Amino acid sequence: MSLPPLDRRAHETPDEPALVDDRGVLSWAGLADQVARASARLLQFAPGPDDRVAVLGDNAIPTLVAHLAGLCAGVGTVATSRQLTVGELVDQIIDAGVTGIIAGPVGAPVALEAARELGLPVVTHGTPPAGHAFDWDLWLAAAAPSTGATAAPAASADRPARPPLVYTSGTTGRARGTEVRWVSPPAADSAAYLAALAARSGFPPGPHLVCGPLQHNGPLTSLRHLAAGQQVVVLGKFDAEAFLRRVEEWRVTSTVMVPTHFQRLLSLPEEVRGRYDVSSLLQVSHTGSACPPEVKHAMIEWFGPVLTESYGASEAGTVARISSTEWLEHPGSVGRVQPPFEVLVTGDDGHPLPPGELGLLAFRAPEGRGVRYHADPDKTKAAYLSPGVFTLGDIGYVDPDGFIFITDRAADIVVSGGVNLYPAESEAVLRGHPAVAEVAIIGVPDPDFGESLRALVVAAGDEPPAEELDRFCRERLAAYKCPKAYEFVPELLRNAMGKLDKRAMRRPYWRSERTIAG
């Protein structure tokens, strides 16, 4: 019986680099040992089949080790944002059934406070542990050493497969958890799940570079590549020249990016861009938000036809994809629908529309492949137009060749730097300020992030300073969920039915009828 790729690399190339971050390098033998030890410790943190461990997404080796150990041991991990407030983190911990926390230097202070409030164990890395926290290295060292530099004992056929849980706003309501959709059909146990991941990395062989936050689904797909026995390099924080340096240094073959990364790369001086060899890149997957055509053209001209755009959502997986060559022939498209999905365009009456007609984009999925949210049947139900047919909240059309084009959003979502933001969260907070009578938050153009949040505020009396509203919001929500700008208006625009008309509110800020970025 052949060894799983991770174990095979630990035996055949034990000293070669497996994981690289800004602080150091972990060999294949070292990775196998750490995964085996972390698997044993996670089982102590999460003994029940429904228990989970929150992993705050610092871009560092321990984050990927913890998630990979969870996959091996059948312990569900939760990819958690480092920017959450204590209250937000506590809400997610309770919602996900978290029984332990692993955090790096950015998220450690909030993690420690949340853990103290809930009486949970917490492990920190990259920073001295405080209070009742465990140090990552000592926590691993306390586990029994692995046998023969292999992680195989940790891959369990006794525990059900537990894919990582990520939190997303979806199309309605506050953020809810959803399991990543990396394997279909679902695997029966953790050993089978790990084997399925190893069989379909999704990236070409060679080093994969992580340049986005490991709290998001796209960067987390690097786990599939690692499970396939392929090297992963982690960039601690995105810096355009550091990205190019890593590509050249490690001969990187693949990465996942968002359009904001492209814009920052293109803003580098010509002499800096020309200093680095990027010819090793074979696949640059981009997702998260629409890419402006001029940006995509410039990136294809620079990197070559290696860009592959994926359209979908964490709660559904990739539903459409387009290569560089296809995009140059169908500029602006997000590609053709991917099996096993089927694409539909529906009118106001819910009936399907013919090719070229503008309507609500929807997708038919076989049982088990549709949208599903953790512990929230109402939110799950709201994503469906009819049994087996769901929408991601976008308006568009399908051309006669089957290529999908997105023109606007039906859902009240703002996509900023590839992150879905749901205005209702910050609207609810700001309505609690005594000086705010009404508020509507919209997405407006942002040169760096594509879109950013702007609050349109009707004051209850004298207009409060914008700084006061911003401070009020940031005390209650993660900073990235708060508006970037505040504007006082005499009234909010409404439609004939008296409902807030967000599209009409957005229109003055955009240059065309299209009122979203891309």
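Taking 0.36 nm per residue of sequence separation and removing the Cα-Cα distance, the Leu266/Ala144 pair yields an extension gain of 39.0 nm. With helices as the sole contributors, the chain gives -8500 deg cm²/dmol at 222 nm; each DSSP H run of n ≥ 4 counts as -39500 (n - 2.57), and the sum is divided by every residue. Normalised by the number of residues in the range 305-409, the average gap of Cα pairs under 8 Å and 6 or more apart makes the relative contact order 25 percent.
Protection proxy ranking for 381-387, 256-262, 401-407, using the average of other Cβ atoms within 10 Å per residue and placing the highest first: 256-262, 401-407, 381-387. Helix 190-199 axis versus longest C-alpha principal axis of the chain: approximately 70°, rounded to the nearest ten.
Extension gain, Ala466 to Leu328: 0.36 nm times the residue separation minus the Cα-Cα distance gives 45.3 nm. Listed peptides 504-514, 446-456, 296-306 appear in the order 446-456, 296-306, 504-514 once ranked by packing, highest mean of other Cβ atoms within 10 Å at the front.
The stretch between Val25 and His132, if pulled fully straight at 0.36 nm per residue, gains 35.7 nm over its current Cα-Cα span. Label separation (Phe488 vs Val86): 3.3 nm, computed from points 7 Å beyond Cα along the C-beta direction.
If R0 equals 56 Å, the separation of the Cβ atoms of Ala242 and His351 corresponds to a calculated FRET efficiency of about 0.65. Judged by a Cβ-Cβ distance under 4.7 Å, the unpaired cysteines of the chain are Cys72, Cys211, Cys291.
A P(r) calculated from all alpha carbon pairs of the range 323-465, with 10 Å bins opening at zero, reads 10, 29, 32, 19, 8, 1 percent. A Förster radius of 41 Å combined with the Cβ-Cβ distance from Ala199 to Ala375 puts the calculated FRET efficiency at roughly 0.85. Dividing the radius of gyration of the alpha carbons in the range 24-231 by their Kirkwood radius gives 0.93 for Rg/Rh. Considering only beta bridges that DSSP places wholly inside the range 24-231, some 20 percent are antiparallel. Counting every alpha-carbon pair across the chain, the share separated by more than 44 Å comes to 14%.
Between the beta carbons of Leu118 and Arg431, assuming R0 = 22 Å, the FRET efficiency works out to 0.20 to the nearest 0.05. The peptide list 323-334, 32-43, put in order of mean Cβ contacts within 10 Å with the highest first, becomes 32-43, 323-334. Pairs of Cα atoms nearer than 8 Å and 6+ residues apart set the relative contact order; for the chain it is 11 percent. Which of rounded, prolate, oblate describes the range 436-512, given a ≥ b ≥ c as roots of the alpha-carbon gyration tensor eigenvalues and a/c under 1.5 marking rounded, otherwise prolate only if a/b is larger than b/c? Oblate shape, in that a/c is at least 1.5 and b/c is the bigger or equal ratio.
Each value in this text was obtained by applying a stated rule to the coordinates, not by laboratory testing. Values in this document were obtained by computation on a predicted structure and should not be read as measured data. So basically every Cβ, Gly included, is an ideal-geometry build from the backbone, and we count neighbours across all protein chains shown.
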